[in-house]
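The values are calculated or read from the model by the stated rules, or taken from the named source; none is laboratory data. Note that this is a predicted model, so its numbers are computed, not measured. Note that each Cβ is placed from the backbone with ideal geometry, even for glycine, and that neighbours are counted across all protein chains shown. The area values use the complete protein model at the heavy-atom level, side chains included, leaving out ligands, DNA and RNA. Shrake-Rupley method; radii C 1.70, N 1.55, O 1.52, S 1.80 Å.
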Amino acid sequence: MSAAHNTAGNLPAPYRVGNRGAATTPGHAASTPSVTINVPGQSDAAQGITAPPRTQMQQTWDSFRSHRAAFIGLCVLLTMAVICTVGPFVLQDPAATDLPRASTGPSAAHLFGTDPLGRDVLSRLVNAGRISLLIGFSVAFGAAGIGAAVGVCAGYFGGKVDSGLMWIAS
């Protein structure tokens with residue numbers, strides 16, 4: 001059967017029947033890779049239906065999700081960031097003291113208990129987490145900025161400057 005005959009079917013709008021391996025989604029270049037769906041037991045007319053090509057962001061996200069430890073680390077980091085962002089609005093002042101309740105265990109008023117000065121341990125923990133996140137992200141973005149500047153200089157000047165900068169970096 002010809003490709004013109006196959007396209008007359010009732011395929012959804014973003015899918016087209018075409019040559020296998022060629023992108024046939026409107027707006028995509030012919031060199032864009034596509035996924036061919038081959039279903040066993042289907043007629044030749046149904047073979048060659050191509051799914052729209054996946055973007056690089058979709059491929060990166062799928063690859064990241066397949067690495068269990070990295071995905072769990074991202075979930076922990078996001079949870080910590082949300083708690084440390086929302087916590088100061090919900091919890092009491094970390095410096096407030098409650099001397100009659102000094103060194104008590106967990107209770108409804110103090111979920112993690114209190115320290116020897118009667119300060120709420122949970123609010124102090126959330127406050128310390130905020131500071132840790134601020135320092136960590138500041139260092140990460142600062143290092144990325146410095147690394148980008150060194151890389152641009154090394155790439156622009158090349159030669160001895162590139163060799164010297166890479167020697168210093170290593």
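Gly159 is checked against (1) farther than 30 Å from Ala96 by Cα; (2) surrounded by 15 or more Cβ atoms within 10 Å (Cβ to Cβ) and fails just one. What number does that condition carry?
It fails just one condition, (2).
Given the conditions (1) touching a strand residue (DSSP E or B) at 6+ places or on another chain (Cβ under 9 Å); (2) surrounded by 11 or more Cβ atoms within 10 Å (Cβ to Cβ); (3) of a type outside the set (Phe, Trp, Tyr), which single one is not true for Gly73?
Going through (1) touching a strand residue (DSSP E or B) at 6+ places or on another chain (Cβ under 9 Å); (2) surrounded by 11 or more Cβ atoms within 10 Å (Cβ to Cβ); (3) of a type outside the set (Phe, Trp, Tyr) one by one, Gly73 breaks only (1).
Can you give me the number of residues within the stretch 110-139 that are more than 28 Å from the chain's Cα centre (by Cα) and open to solvent by 60 Å² or more (accessible area, probe 1.4 Å)?
Residues flagged as more than 28 Å from the chain's Cα centre (by Cα) and open to solvent by 60 Å² or more (accessible area, probe 1.4 Å) within the stretch 110-139 amount to 5.
If I filter the stretch 60-75 for residues that are basic (Lys, Arg), touching a helix residue (DSSP H, G or I) at 6+ places or on another chain (Cβ under 9 Å) and modelled with pLDDT of 90 or more, do I get at least one hit? I'd like the intermediate steps shown before the answer.
Of the residues in the stretch 60-75, the ones basic (Lys, Arg) are 65, 68.
Adding the requirement that they be touching a helix residue (DSSP H, G or I) at 6+ places or on another chain (Cβ under 9 Å) leaves 65.
Of the ones still in play, those that are also modelled with pLDDT of 90 or more are 65.
Yes: the stretch 60-75 contains one or more residues that are basic (Lys, Arg), touching a helix residue (DSSP H, G or I) at 6+ places or on another chain (Cβ under 9 Å) and modelled with pLDDT of 90 or more.
How many of the residues in the stretch 78-103 are among the hydroxyl-bearing types (Ser, Thr, Tyr) and either at positive phi or surrounded by 15 or more Cβ atoms within 10 Å (Cβ to Cβ) (or both)?
Qualifying residue count for the region: 1.
Take the stretch 112-170 and flag every residue that is under 30 Å from Cys84 (Cα atoms) and of a type in the set (Phe, Trp, Tyr). Please lay out each step first, then the result.
First, the residues of the stretch 112-170 that are under 30 Å from Cys84 (Cα atoms): 112-148.
Across the stretch 112-170, the qualifying residues are Phe112, Phe137, Phe141.
Out of curiosity, is Leu165 open to solvent by 90 Å² or more (accessible area, probe 1.4 Å) and out of contact with any Pro (no Cβ under 7 Å at 6 or more places or on another chain)?
So Leu165 fails the test.
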